[in-house]
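Report on the structure given below.
The values are calculated or read from the model by the stated rules, or taken from the named source; none is laboratory data. The structure presented is a predicted model; accordingly, all values stated were derived computationally and were not measured. Positions of Cβ are backbone-derived with ideal geometry, glycine not excepted, and every protein chain shown enters the neighbour counts. Surface accessibility is based on the protein's heavy atoms, side chains included, excluding ligands, DNA and RNA. Shrake-Rupley method; radii C 1.70, N 1.55, O 1.52, S 1.80 Å.
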Amino acid sequence: MRRVRIDTPDGDFLDLDQHPACEKSGTACGAERPFGQGRGVAVVSHGLEGNSRRKYVLGMTNTLRAAGFDVLAWNMRSCSGESNRTARLYHMGEIDDLGTVVRYAERFDRPVLLAGFSMGGNQICRYLGRGPVSPLVRAAVAVSVPCDLAAAAPVMDGPACRIYMEYFLRTLRNKVREKAGRYPSYPSVEGVDKIHTFAEFDERFTAPAFGFASARDYWQKNTVLPDLPRIAVPTLLLMSADDPFCAPSCYPWQVAERSEHLYLEVAPHGGHVGFVRPGQEYYSERRAREFVQGLVDRGVY
């Protein structure tokens, strides 16, 4: 793996990890190709407060490398272990940075595959539905996407997600403190330790930082349900029926039934970005491998 840093149009940076494809597809990596010589470049996006070296990202990375793809696992702003240059962080519907990473992937002149988890998957669906989409992007895999964000946000703030919330908010509090210490115009962090829900955090920080009127305005404008019908490349949307983050409206059954490109699978179990099978590859990795192999067989990659 080699880490590279690329510049953003607004003078900031993004850190990407380059993982070269396996020399022989379908097997564990013994030898590697030089980066950029695989059958395609896969851009892998992590979830909220994740990073490019989380276990779920590395698992998907290894699956795609074994399928012959070079992988760019990228870090959203201030997620790579170093605070970014600007006051800007990220949010569920932010697609400018994803577009910057895709443009970097274009330089290798290979077809591009997008893969993302939770927030990263949400961003991918918005990118594909809103565009402009790179002509090299041929397909996508999105895992555990809370497609109706306005309905999912109150569920996430419920008692079943309390452990998740504290995990996310602990690091988010640290990041907004750091930003407020460097940028006087940043929203006040007074009382930030008393914030225990996304509703409070998004109202205080996410919404004003990105120009939304309120937390609800942010959720409504970044829900991907309106974007899904406009997706024009084969896209596997893998979800689980027991995802604690998802309300019933987060499962876009009718959209998938009418779409030529959206393949919705709802596994009975898997939680949120889980899909663990003891002693075996994760179910999400297996389904991504099978989906991508089908695309290879059809000549998409």
- Query: Percent relative contact order of segment 1-59, based on C-alpha pairs within less than 8 angstrom and at least six residues apart?
  - Reply: 21 percent
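Which percent, to the nearest 5, of DSSP beta bridges fully inside the chain are antiparallel?
If I count the DSSP bridges inside the chain, around 30 percent turn out antiparallel.
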- Check each of the GluC sites (Glu not before Pro) in segment 23-90 and keep only those in coil by DSSP with at most 12 other C-beta atoms within 10 angstrom; list them in order. E82
- Message: Once each part is reduced to its C-alpha centroid, what is the distance from segment 83-103 to segment 179-249 in angstrom?
- Response: 14 Å
- Query: Could you sort H261, H196 by accessible area so the largest value comes first, with the probe set to 1.4 Å?
  - Reply: H196, H261
- Item | For segment 4-112, size of Cβ-based charge dipole, Lys and Arg +1, Asp and Glu -1, in debye | 380 debye
- If every Lys and Arg gets +1 and every Asp and Glu gets -1 at its Cβ, then about the Cα centre segment 184-301 yields a dipole, in debye to the nearest 20, of 220 debye
- Does segment 124-211 classify as rounded, prolate or oblate by the C-alpha gyration tensor (a ≥ b ≥ c root eigenvalues; a/c under 1.5 gives rounded; else a/b over b/c gives prolate, otherwise oblate)? oblate
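Counting only protein chains, not ligands or nucleic acids, how are D157, D193 ordered by accessible area (probe 1.4 Å), most first?
Sorted by accessible area, descending: D193, D157.
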- Message: Explain nothing, just the number: relative contact order of segment 157-205, from Cα pairs under 8 Å at least 6 residues apart, as a whole percent.
- Response: 43 percent
- Message: Which order do you get for R216, R107 if you rank them by accessible area with a 1.4 Å probe, largest at the top?
- Response: R107, R216
- Message: Using only DSSP helix segments of four residues or longer, with each worth -39500 (n - 2.57), what per-residue ellipticity at 222 nm results for the chain after dividing by its residue count and rounding to 500?
- Response: -9500 deg cm²/dmol
- Once the dipole of the chain is set up from charges on Cβ (+1 Lys and Arg, -1 Asp and Glu), the residue from the list C250, T223, S144 lying farthest towards its positive end is S144
- Query: Which value in nm describes the separation of the simple spin-label points at R162 and R5, placed 7 Å from the Cα toward the beta carbon?
  - Reply: 4.2 nm
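To two decimal places, what compactness ratio does segment 1-153 give when its Cα radius of gyration is scaled by 2.2 N^0.38 Å?
0.99
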- Relative contact order (percent, whole number), the chain, Cα cutoff 8 Å, 6+ residue spacing: 17 percent
- Task: Using a 1.4 Å probe and ignoring any ligands, DNA or RNA, find the accessible area of Y183 and quote it in Å² to the nearest 10.
- Result: 50 Å²
